[in-house]
Amino acid sequence: MTTTAEPAAELGRARPRKEDARLVTGQTNWTDNITLPGMLHMAFKRSDQAHAKITAVDVTAAAKLPGVVAVFTGADLEQGSLPCAWPVTPDIVIPTHLPMATDEVRYVGEAVAAVVARDRYTAADAADLVDVSYAPLEPVLDMKAALTEGSPKVHEAGNKSYEFVFPTAGDIDAAFSGAAVVLEREYRQQRLIPCAMEPRAVVSAWVGDEVTLWSATQIPHVLRFAIAAFFGIPEQSIRVIAPDVGGGFGSKLQVTAEEVLAVLISRKVGRPVKWTESRSEGNMTVHHGRDQWQRIKIAADGDGRIRGLSVDLLADMGAYLMLVTPGVPLLGAFMYCGIYKMDAYAFKCTGVFTTKMPTDAYRGAGRPEATFAIERILDELAVELDMDPLELRERNWISHEEFPFTTIAGLSYDSGNYEAATARAKELFGYDALRSEQAQRNAAGDSVRLGIGVSTYTEMCGLAPSRVLGSLAYAAGGWEHASIRMLPTGKVEVVTGSSAHGQGHETAWSQIVADQLGVPFEDIRVLHGDTQVAAKGMDTYGSRSLAVGGMALVGACDKVIAKARRVAAHMMEASEDDLEFTSGRFHVRGDPEQGRTIQEIALASFIAHDLPDGMEPSLDSEATFDPPNFSFPHGTHLCAVEVDTETGMVTIRKYVAVDDIGKVVNPLIVDGQVHGGITQGIGQALYEEAVYDDAGNLTTTTLADYLIPSAADLPSYVTDRTESPADNRLGVKGVGEAGTIASTPAVVNAIVDALHPFGVRDVTMPCTPERVWRAIETARNGGAA
């Protein structure tokens, strides 16, 4: 008997990405590459006032410029309100948010008029000629001041959007009243700009009563629904295509004014319309991230056991509520307890309107903020108790024997091993040796101090289950859809509702299907991002693609195999129960020589000459998956920094990340996600901040002013993984946000650790050389730093 070796498993194989060939050779199709016959270009006149009444808009000069086809103000269009899908409290204030302002502007950059011209340069020149008269109003730029009596109002209803109180768990008063140690700290999460590599771009084209919208979006299915539901266009007449998208980080998880206006204006002019933002325009008008004040209080026994935690947030909504704006800080409500056990927990968040660009989801969305606060205050508690920060964490974390574990915030963590990840991280880091070096340098009074930062994190991702999202008043579900098309030649088309924008879905999805169906990796093509091809989906955000979309894919493969089993049994004149399916081939149990490959069955189903009675001539199958729980990746990140106390300069000397994301589909893709995530977290810790002046003008509109780290600014990361499989068919968890969630507190903890001998207790992010130096000087001069 001749035996054939089974093909190596695809899951866990470090395959180069299928997508990269077209990306790196410039053969891909970005939205801005799209050129249609008769296409016009759109540009916007944007408000230069942070808060003002519009008294007049004169478009005469702009309309007369040669090459201009049309000029529109908000009054010329039938506008609906841009949607907010997350009304987090029954009494939340959700102001009307028109795509183009008509009576009042509430942030610098808000669109006031749109120009359509034969080329983008003429459109931009004409937009400059639009003359807008304003009656200025006082801007509202400070969250705390916005809530004081007598503050100018952003909206007639006031400056408070909502107050959300998480159901208190345990006896919070008792936890604090009997505690040996109580610490209270206030941390600032600065405002951030996502800075995806590809700027936002939109092309809209009508043919009859049907519109096709190409957009650099993360959410083609949600965008299609929103345009139909909120702007009166029948859903069956809308096609949304997200071609290759160059990064998102949450910034393209949005229904934007520009997308809606492209649809409305292209219908008005009867020709295709394109808009692509400049980097400065994007910095002003892409939604921003973070921007919170975090007041956190912790109670502990003298041995370090945490008794209680209380969190009070102020979250800057900006001028309006966009798609998930109010819900972003509340995602953190579940994660302030992190990996730790405690007796009681309380959380409150107040959403505040200001005259700034609205905030919304940015990589991690609520969970980096929560992790930062708990990990920072644990380091402060360790200092107070004269304990090693890792010893304090181990004193309080959930041990691996206790899983599954229900946290004080009500989440059920399915798996984890914090001990293993931390032990491996300490080994790779050389933790004890670095602590010894630190003590020696401190004793010697070295002007360049060594600091060691710790972050032991977990996160909730795979954003789903629909019933949980519904209980949180979120307007959409958390399911995902996938389908498998078995082609007659034995090749496979995979259609997924997940919409990739750099994650490597085409590669990872091919690996999953190759293992499930036993077909070669090279014989699989993945289709996504087009609502006429992938008709169902909830898109990509919140590290949900693999944990939710991947499970839908496995479900579709199961159905293909079930159909093929029936055909194979008929072809081999055997009982279905007697067939085994291994490596893409059905054979009779005990007789591996008698068998049929799934490719042979696909062809037989297509020809359909001899199928079982009642059998449809197709193996094609689809599945929708709504998970019963979130997934919970975790890990330990350790950072060593050197701080020059004479200049404030911070240099990252070593960075170790040991993450547990369950089973790994493709290690290369995982490493890329972790590296990129760490880099963005370091960016928040050391470099990035969106700054407004006293008049409400954004002063960081270019990459010369808004600093993002380059390779020259970063260390070489040491990464590794431990493995606690998740409770799903593949054992997988999310990885897209893990690095960003863990790295920011690790870096800031390291800086503060270096400066503790000087009396420094915090440095406000970003920890620029000036801020670090000022913190040192303030502490040296007897002030509280």
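When Leu668, Leu137 are compared by accessible surface with a 1.4 Å probe, the order from highest to lowest is Leu668, Leu137. Here Glu384 sits with roughly 110 square angstrom of accessible surface, probe radius 1.4 Å. Surface composition of segment 143-219: carbon and sulfur make up 51 percent of the accessible area, probe 1.4 Å. Surface listing: Thr212, Thr354 arranged by accessible area from highest to lowest gives Thr212, Thr354, probe 1.4 Å.
Here Lys268 is the anchor, and the lysines within straight C-alpha reach of less than 24 Å, apart from those fewer than 8 places off in the same chain, are Lys45, Lys64. Considering only Ala262, Pro66, Ala712, the residue lying farthest towards the positive end of the dipole of the chain is Pro66, judged by Cα position with unit charges set on Cβ. The stretch between Thr55 and Glu419 holds 124.7 nm of extra length on full extension. This uses 0.36 nm per residue minus the Cα-Cα distance. Each Cα pair under 8 Å and six or more residues apart adds its sequence gap; the mean of these over the residue count of the chain is a relative contact order of 15 percent. Among the trypsin sites (Lys or Arg not before Pro) in segment 537-615, those placed in a DSSP loop whose Cβ has at most 14 other Cβ atoms within 10 Å are Arg589. Dipole size of segment 682-730 about its Cα centre, with +1 on Lys/Arg Cβ and -1 on Asp/Glu Cβ: approximately 300 debye, rounded to the nearest 20.
Over 18 Å apart at the Cα level, from the set Lys160/Lys348; Lys559/Lys663; Lys144/Lys356; Lys53/Lys356; Lys18/Lys663; Lys426/Lys654, are Lys559/Lys663; Lys18/Lys663. For the chain, DSSP calls about 80 percent of its internal beta bridges antiparallel.
Subtracting the Cα-Cα distance of Val269 and Arg774 from their residue separation scaled by 0.36 nm leaves 176.1 nm. Placing unit charges on the Cβ atoms of the charged side chains and taking the dipole of the chain about its Cα centre, the candidate lying farthest along the positive direction among Ile374, Ala746, Ala216 is Ala216. Model label points for Ser237 and Asp131, set 7 angstrom from Cα along the Cα-to-Cβ axis, are 3.8 nm apart. Using a probe of 1.4 Å, the accessible surface attributed to Met571 totals some 60 Å² when neighbouring protein chains are kept in position. Charge tally around Thr699: other residues with Cβ under 13 Å, Lys/Arg +1 each, Asp/Glu -1 each, net -2. Contact order, relative form, for segment 122-233: 10 percent (alpha carbon pairs under 8 Å, 6 or more residues apart, mean separation divided by residue count).
A straight line joining the Cα centroids of segment 545-623 and segment 627-682 runs 42 Å. Of Val255, Val132, the order by accessible heavy-atom surface (1.4 Å probe, DNA, RNA and ligands excluded), from most exposed downward, is Val132, Val255. For segment 300-371, the carbon plus sulfur part of the accessible surface works out to 48%, probe radius 1.4 Å. Within the chain, helices built from complete DSSP H runs that reach 15 Å or longer along their own axis (Cα positions) and carry a mean Kyte-Doolittle hydropathy of 0.0 or higher are 220-231, 257-269, 367-385, 551-572, 667-686, 738-755. With all protein chains kept in place, the per residue accessible area of the chain amounts to 37 square angstrom at a probe of 1.4 angstrom.
Here segment 188-345 is treated with +1 on each Lys and Arg Cβ and -1 on each Asp and Glu Cβ, and its dipole about the Cα centre works out to around 160 debye. Normalising the average separation of contacting C-alpha pairs (under 8 angstrom, six or more residues apart) by the number of residues puts the relative contact order of segment 279-386 at 35 percent. Given segment 369-418, report the % of alpha carbon pairs whose separation exceeds 15 Å. Roughly 55 percent, rounded to a whole number.
Label 7 Å along Cα→Cβ of Leu714; segment 732-758 residues with amide nitrogen under 17 Å? The answer is 735-748.
Taking a sphere under 15 Å around the Cβ of Glu401 and counting the other residues whose Cβ falls inside, with K and R at +1 and D and E at -1, yields a net charge of -3. Dipole of the chain computed with +1 at Lys/Arg Cβ and -1 at Asp/Glu Cβ about the Cα centre; of Ala127, Met317, Met460, farthest Cα towards the positive end is Ala127. Between Leu147 and Gln27, the C-beta separation translates, for a Förster distance of 51 Å, into a calculated FRET efficiency of about 0.45.
Note on Gln594 and Glu394: with the Förster distance fixed at 51 Å, the Cβ-Cβ geometry gives a FRET efficiency of about 0.35. Taking all protein chains together and rolling a 1.4 Å probe, Trp214 ends up with roughly 50 Å² accessible. Annotation: extensible slack from Glu580 through Val181 equals 137.4 nm (criterion: 0.36 nm per residue apart, minus Cα-Cα distance). Remark: spin-label model distance Asp312-Met649 equals 4.2 nm, labels positioned 7 Å along the Cα→Cβ axis. Here the 3J(HN,Hα) profile of segment 478-487, calculated from phi with Karplus coefficients 6.51, -1.76 and 1.60 at θ = phi - 60°, is x, 7, 9, 10, 8, 9, 10, 10, 8, 7 Hz, Gly and Pro shown as x.
Once you divide the Cα radius of gyration of segment 50-185 by 2.2 N^0.38 Å, the number left is 1.59. Placing +1 on the Cβ of every Lys and Arg and -1 on the Cβ of every Asp and Glu, with no other charges, gives the chain a dipole of roughly 940 debye about its Cα centre. So what's the gap between the Cα centers of segment 258-280 and segment 406-454, to the nearest angstrom? So the two Cα centres are separated by 51 Å. Glu419 sits among other residues whose Cβ lies under 13 Å from its own Cβ, and their net charge, with Lys and Arg +1 and Asp and Glu -1, is -2. Going by Cα centres, segment 167-191 and segment 331-352 are how many Å apart? Result: 10 Å between the Cα centres. Taking the helices alone, the chain has a mean residue ellipticity at 222 nm of -8500 deg cm²/dmol, built from -39,500 (n - 2.57) per DSSP H run of at least 4 residues and averaged over all its residues. Computing FRET efficiency as 1/(1 + (r/R0)^6) for Glu401 and Ala433, where r is the C-beta to C-beta distance and R0 is 35 Å, gives about 0.70. According to the calculation over all Cα-Cα pairs in the chain, the P(r) per 20 Å bin from zero is 16, 46, 31, 8, 0 %.
The values are calculated or read from the model by the stated rules, or taken from the named source; none is laboratory data. On a predicted model such as this, the values are computed, not experimentally measured, just so you know. Positions of Cβ are generated from backbone atoms using ideal geometry, with glycine treated the same way; all protein chains shown enter the neighbour counts. Side chains are part of the model used for accessible areas, which takes the heavy atoms of the whole protein and leaves out ligands, DNA and RNA. Shrake-Rupley method; radii C 1.70, N 1.55, O 1.52, S 1.80 Å.
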